[in-house]
1. Could you work out the mean projected area of the convex hull around the alpha carbons of the range 8-128, in square nanometres to one decimal?
2. Near PRO33, within a Cβ-to-Cβ distance under 11 Å, what is the net charge of the other residues, with Lys and Arg +1 and Asp and Glu -1?
3. I need the phi-derived Karplus couplings for the range 66-71: 6.51 cos²θ - 1.76 cosθ + 1.60, θ = phi - 60°, integer Hz, Gly and Pro marked x.
4. Run the numbers on the range 6-117 and let me know its relative contact order in percent, using alpha-carbon pairs under 8 Å that are six or more apart.
5. Only sites in a loop by DSSP and with at most 15 other Cβ atoms within 10 Å count here; which GluC sites (Glu not before Pro) in the range 25-114 make the cut?
6. Would you mind ranking HIS116, HIS60 so that the residue whose beta carbon has the fewest other beta carbons within 10 Å leads the list?
7. Which FRET efficiency value, to the nearest 0.05, do you get for ASP31 and ASP61 by plugging their Cβ-Cβ distance into 1/(1 + (r/R0)^6) with R0 = 35 Å?
8. What chymotrypsin sites (Phe, Trp or Tyr not before Pro) does the range 1-90 have in DSSP loop regions with at most 15 other beta carbons within 10 Å?
Amino acid sequence: MEFLTAENRLARFLKTEGFQQLRESLNQLLDNPVWWYALGVEDAVRILESHNKTECGLLHDDSQVRGLWLDATYAAMAQAGSDRTAVMAESPPERTQIVVPVLCGEAVVGYVGLAHLPTGNSSACIHFFRS
């Protein structure tokens, strides 16, 4: 039997059919945001899907902007993990992102985020899928 570390649990979740359907739906709805994931606020943020959005803080050419983005991201991760709920956060350069904790029982096994979301799309409808 495979021993599931936090990283393995998160990797398994990212491969589920339900998450893939959700990602495809949100990519279309939100004009292909940058998807990222991390195991915790002490760990590196890794890109899951980028769509070459270099103006996103995560991929910005300016290291200072990337640093500001990471500071805002880690703060959002800490809040999302503490509250056990998704958080919307303002992240440089003046973009909104969503940070979602991935839970296994009561434990947070990692975080998934969407960055570089378009603004003013209030009429959009988000559909969630089960695997």
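1. Working: hull surface 29.1 nm².
It is 7.3 nm².
2. On the way: positive: ARG23, LYS53, ARG95; negative: ASP31, GLU49.
After counting each charged neighbour, the total is +1.
3. Whole-Hz 3J(HN,Hα) from phi for the range 66-71: 4, x, 5, 4, 5, 4.
4. Relative contact order here is 27 percent.
5. GLU42, GLU55, GLU94, GLU106
6. Fewest-to-most Cβ neighbours within 10 Å comes out as HIS60, HIS116.
7. 0.95
8. Values: sites: PHE3, PHE13, PHE19, TRP35, TRP36, TYR37, TRP69, TYR74; in loops: PHE3.
For chymotrypsin sites (Phe, Trp or Tyr not before Pro) across the range 1-90 that sit outside H, G, I, E and B with at most 15 neighbouring Cβ atoms in 10 Å, the list reads PHE3.
All of the numbers you see were taken from the coordinates with simple rules; none came from a lab. It should be emphasised that the depicted structure is a prediction, and the values quoted were computed from it without experimental measurement. Neighbour counts run over all protein chains shown; Cβ positions are idealised from the backbone, glycine included.
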